[in-house]
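Worksheet: one structure, shown below.
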Amino acid sequence: MIMSDLPLELLEEILSRVPATSLKQIQSTCKRWYALFKDQSFTEKHFRKAPKQSLVLLLKYCMVCSMSVKLNVAPPSIDFKGTHQEVDILEVSHCDGLLLCVTKESNLVVWNPCLGKTWWIQHKSSGHDMKDCELALGYVNNKSYRSYKILKILKCSSASLLATKSVWFEIYEFSSGSWRFLDQAVANIDCIIESNGVSLKGNTYWRALDEKDYSKWLLSFDFTTERFKRMCPLTFQSEGFMVLSVVGEEKLSVLHTSYSKMEIWVTNKFDTEVALQWTKYFTMDIPIPGKFPPAGFLSFVMDEEKKVALCCTRSREDMVYIIGDDDGPITFPCPEYPNEPDLDVGFLNRPFVFNYVPSLVQVQQGRGKRKV
């Protein structure tokens, strides 16, 4: 008996445990398999059961490339390999194998690199440029399926209103294909978002600053209840710079740098019944002030098992650092591309490193207005 002759339930159970990158190579084997990989209930089951293949991606100069890090050689090395994409990307965030991208033309698109599929999002409801917005991709977990949404936070000031700052919140629902405003009173967060958002278990998290007493907090947005929440204060050293990242799809981590040291803090696993706690995971002294600039780190990823972190800096020469338990950081120049963009775009598109988990997830998009 060959696999295609197996009962459908048994076939689904077997294929749901095969890594996404392997299934991609066999999805065109027969019509039955191709239809199965497009079935939302199967992709949900596969996402829960299949081994997670965490990759590291780097965004620089509007291009996404994968990074292969070799630590078992002397000296360690990094290989950069370009990822096929249809558009130039300025900003990117990751959720469930989906990338939410802002293009150089200020269009909005969701991209699954594993499947090579894109979903364009109409975003002219408020008539503002995506470069002026904070964006986040998340979902409502309805047990049988996940309903994806995009949160857009628009910050603006109007001279006619004596430069009074206002913050607008909009939600895009893929199921309806349309945008709607959140109630300003409900969405009021009384704090300033100071970092890129990271997605964990369908919700998004930022580092935020209280507008009144300037205390630092972990801020979350729950896509199910559509509410912001202050999770816990970030009681690390008051001076310095912090960057958020996700560890193993189970925890959050913070890279904190000052002019004398670098620290990485990690939370316990996210559980609604357990209080969120931070544990110091790694400390490294910075002996030469200015050579290892604290404000230069835009992003990082870490590997708990290998006890290393990859960090990206913004400087005259964009660099990737490997930081671990050895004598000090190992540096590598970011890859260069032949057609680099102009200075303004390059400034907005400094190197950004992030974890990516390949998946078969597809979004079910309703019949909203077409892209303009």
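How many residues, within the stretch 77-109, are under 12 Å from the mean Cα position of the chain (by Cα) and either part of a strand (DSSP E or B) or over 17 Å from T21 (Cβ atoms) (or both)? Even if it seems obvious, please write down each step before you answer.
Taking the stretch 77-109 first, the residues under 12 Å from the mean Cα position of the chain (by Cα) are 91-101.
Still in the running and either part of a strand (DSSP E or B) or over 17 Å from T21 (Cβ atoms) (or both): 91-95, 98-101.
The total comes to 9.
Under the condition of being surrounded by 20 or more Cβ atoms within 10 Å (Cβ to Cβ), out of contact with any Gly (no Cβ under 6 Å at 6 or more places or on another chain) and modelled with pLDDT of 90 or more, which residue from the stretch 114-144 is nearest to A20 (Cα to Cα)?
L137
Residues of the stretch 202-226 being surrounded by 14 or more Cβ atoms within 10 Å (Cβ to Cβ) and basic (K, R), which ones? Give the derivation first.
Initial filter on the stretch 202-226 (surrounded by 14 or more Cβ atoms within 10 Å (Cβ to Cβ)): 202-210, 215-224, 226.
Result: R207, K216.
Could you figure out which of (1) modelled with pLDDT of 80 or more; (2) part of a loop (DSSP other than H, G, I, E, B) isn't true of I192?
Status for I192: all satisfied but (2).
Among the residues of the stretch 241-253, is there at least one that is without any contact (Cβ under 8 Å) to a residue 40 or more places away in the chain and of a type in the set (S, T, N, Q)?
So far as the stretch 241-253 goes, no, none of its residues is without any contact (Cβ under 8 Å) to a residue 40 or more places away in the chain and of a type in the set (S, T, N, Q).
Which ones in the stretch 20-72 are acidic (D, E) and surrounded by 15 or more Cβ atoms within 10 Å (Cβ to Cβ)?
To start, the set of residues in the stretch 20-72 that are acidic (D, E) comprises 39, 44.
If the condition is that a residue be acidic (D, E) and surrounded by 15 or more Cβ atoms within 10 Å (Cβ to Cβ), then E44 is the only one that fits.
So T225 fits all but one of (1) under 24 Å from T313 (Cα atoms); (2) of a type outside the set (D, E, K, R); (3) out of contact with any helix residue (DSSP H, G or I) (no Cβ under 7 Å at 6 or more places or on another chain); what number is the exception?
It is condition (1) that T225 fails.
One line per residue, one yes/no per condition, for (1) surrounded by 13 or more Cβ atoms within 10 Å (Cβ to Cβ); (2) at pLDDT 80 or above:
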{"position": "S77", "(1), (2)": "yes, no"}
{"position": "S93", "(1), (2)": "yes, yes"}
{"position": "L99", "(1), (2)": "yes, yes"}
{"position": "Y148", "(1), (2)": "yes, yes"}
{"position": "S157", "(1), (2)": "no, no"}
{"position": "E173", "(1), (2)": "yes, yes"}
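Listed here are the residues, each with its yes/no results for (1) at negative phi; (2) at pLDDT 85 or above; (3) in a loop (DSSP other than H, G, I, E, B).
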position	(1), (2), (3)
K165	yes, no, no
S176	yes, yes, yes
W179	yes, yes, no
W206	yes, yes, no
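When the residues of the stretch 42-51 are filtered to those that are basic (K, R) and touching a helix residue (DSSP H, G or I) at 6+ places or on another chain (Cβ under 9 Å), which remaining residue is farthest from F80 (Cα to Cα)? Reasoning before the result, please.
Quick first cut of the stretch 42-51, residues basic (K, R) only: 45, 48-49.
Keeping just the survivors that are touching a helix residue (DSSP H, G or I) at 6+ places or on another chain (Cβ under 9 Å) gives 45, 49.
Working: K45: 32, K49: 29 Å.
If we take residues in the stretch 42-51 being basic (K, R) and touching a helix residue (DSSP H, G or I) at 6+ places or on another chain (Cβ under 9 Å), then K45 is farthest from F80 (Cα to Cα).
How about the stretch 46-55: which of its residues are of a type outside the set (S, T, Y) and farther than 10 Å from L360 by Cα?
The first filter runs over the stretch 46-55 and keeps only residues of a type outside the set (S, T, Y), leaving 46-53, 55.
Within the stretch 46-55, R48, K49, A50, P51, K52, Q53, L55 qualify.
Out of the residues in the stretch 53-70 that are outside any strand (DSSP E or B) and out of contact with any Ser or Thr (no Cβ under 9 Å at 6 or more places or on another chain), state the one that is nearest to N355 (Cα to Cα).
Among those residues, the one meeting the criterion is S54.
The values are calculated or read from the model by the stated rules, or taken from the named source; none is laboratory data. All figures in this text were calculated on a predicted structure; none of them were measured in a lab. With ideal geometry, Cβ positions are generated from the backbone for all residues, glycine too; neighbour counts draw on all protein chains shown.
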